[in-house]
1. For the chain, state what percent of all Cα-Cα pairs lands in each successive 20 Å bin, counting from 0 Å until the bin that includes the largest distance.
2. Between L323 and E235, how many nm apart are label points set 7 Å from Cα along the C-beta direction?
3. Please list D305, D337 from largest to smallest accessible area, probe radius 1.4 Å, with all protein chains kept in place.
4. Pop the C-beta distance of T82 and L373 into the FRET formula with R0 = 35 Å and round what comes out to the nearest 0.05.
5. Let me check something: with ligands and nucleic acids excluded, how do E322, E48, E106, E81 order by accessible area (1.4 Å probe), largest to smallest?
6. Please name whichever of M233, L253, G302 sits farthest to the positive end of the charge dipole of the chain, dipole taken about the Cα centre and charges placed at Cβ: Lys and Arg +1, Asp and Glu -1.
7. Out of every Cα pair in segment 268-372, what percent are spaced more than 25 Å from each other?
8. Summarise the accessible area of segment 275-359 (1.4 Å probe, protein heavy atoms) by the percent that is carbon and sulfur.
Amino acid sequence: MSVATALREAQGPKAGALRIGPIDLDVPVVLAPMAGITNTAFRRLCREYGAGLYVSEMITSRALVERNAITMRLIQHHESETPRSIQLYGVDPVTIAEAVRIIVAEDRADHIDLNFGCPVPKVTRKGGGAALPWKTTLFADIVDRAVKAAGDVPLTVKMRKGIDKNHLTFLEAGRAAEDAGAAAVALHARTAGEYYSGHADWAAIGELKQTVTSIPVLGNGDIWSADDAVRMMAETGADGVVVGRGCLGRPWLFGELASAFGPSTGSGTQGPVVDATLQFVAAAFRRHAELLVEFFEDEDRGCKDIRKHVAWYFKGYPVGGELRASLARASTLQEIDDLLGTLDDAPYPGAGAEGQRGRAGSPKRTALPEGWLDSREIGSDTGEMMRGAEIENSGG
């Protein structure tokens, strides 16, 4: 019996469903925001293979309030995207609430997520991202005001375990988000200091699930396959999973997740797992490039943007370095077609194409404002300093 089948038998035929406020999802899967990755093109591609909730790149609240041209473009959705989801980042309760009001008033999203998981030093050094939940009153105020501004639009919170192992915040933050009326909480089961290194602490997700009981708890970290996702849910009791780096170069992972969490076939087994031959992967890469060209409305820019995906798509496949380098220099879709046309087919390489994707980094001391850990409250002299944290960065 597969892990997914065991999970369904244990939890019943509705085990795959996830409800976030008024939004019903067929499968309990969320695409994590990733800067420079989860634009409209990538979200559309993932949706073509599977189901779930697909979240935008992280948007800075201040830039949205100021109607920065790039930001306003990033919050746009293709007509095929439903439900629409936007993730906001910020440190000021008033600015975040105003950004939420703009999104709601202009009907720009069906779901809003708040990011408190960014571990990037230039953000945490200003008290933002994963450093912010340490200031308990500020965190609660931000979530409370944002929930009120969102009205009927469900608002969720994504966070990390804390700053480091000696300064954990996830249980307090989870309870505060629940009390403020958040529709769900998601935990990346690493601290800011761990960055993306080592192994995610799935036990912490289970601990949060035991603490936050009235809204869904989602788990994030080290989901490289559908089996990882169902195992996480089985081990932690989480209501759903958030998938980040595991789908880099593998947008069809969402199809495998839909199969793993979906209803059994008549034979009582799972649906088929994607047969990711080299030609299948090449076609996915080409489709991604095409969607990027459409998104940027510029063939050269779209073909340049797909370059960072080359290594992820062809990880483990017999694609030589010269061809990879040529794909990373292509500036037209025709060039990409010509290069992909030289490939012979090859079977899925198994372990060579699996496992960790993207940069893991290494554990490091989290950069924080001077005296940040001395108190759980914000001092009167820190507000201006924190506003410097409102810059565009990857989520956590």
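1. Values per bin, smallest distances first: 28, 58, 14, 0.
2. Result for the modelled spin labels: 3.6 nm.
3. Output order, biggest surface exposure first: D337, D305.
4. 0.25
5. The residues order as E322, E48, E106, E81, largest area first.
6. M233
7. Working: 1935 of 5460 pairs.
For segment 268-372, the share of Cα pairs beyond 25 Å comes to 35 percent.
8. Carbon-and-sulfur percentage of accessible area, whole number: 49.
The values are calculated or read from the model by the stated rules, or taken from the named source; none is laboratory data. This one's a predicted model, so the numbers in the text were calculated from it and none came from an experiment. Cβ: placed from backbone, ideal geometry, glycine included. Neighbour counts: every protein chain shown. Calculation scope for accessible area: heavy atoms of the full protein, side chains included, ligands and nucleic acids excluded. Shrake-Rupley method; radii C 1.70, N 1.55, O 1.52, S 1.80 Å.
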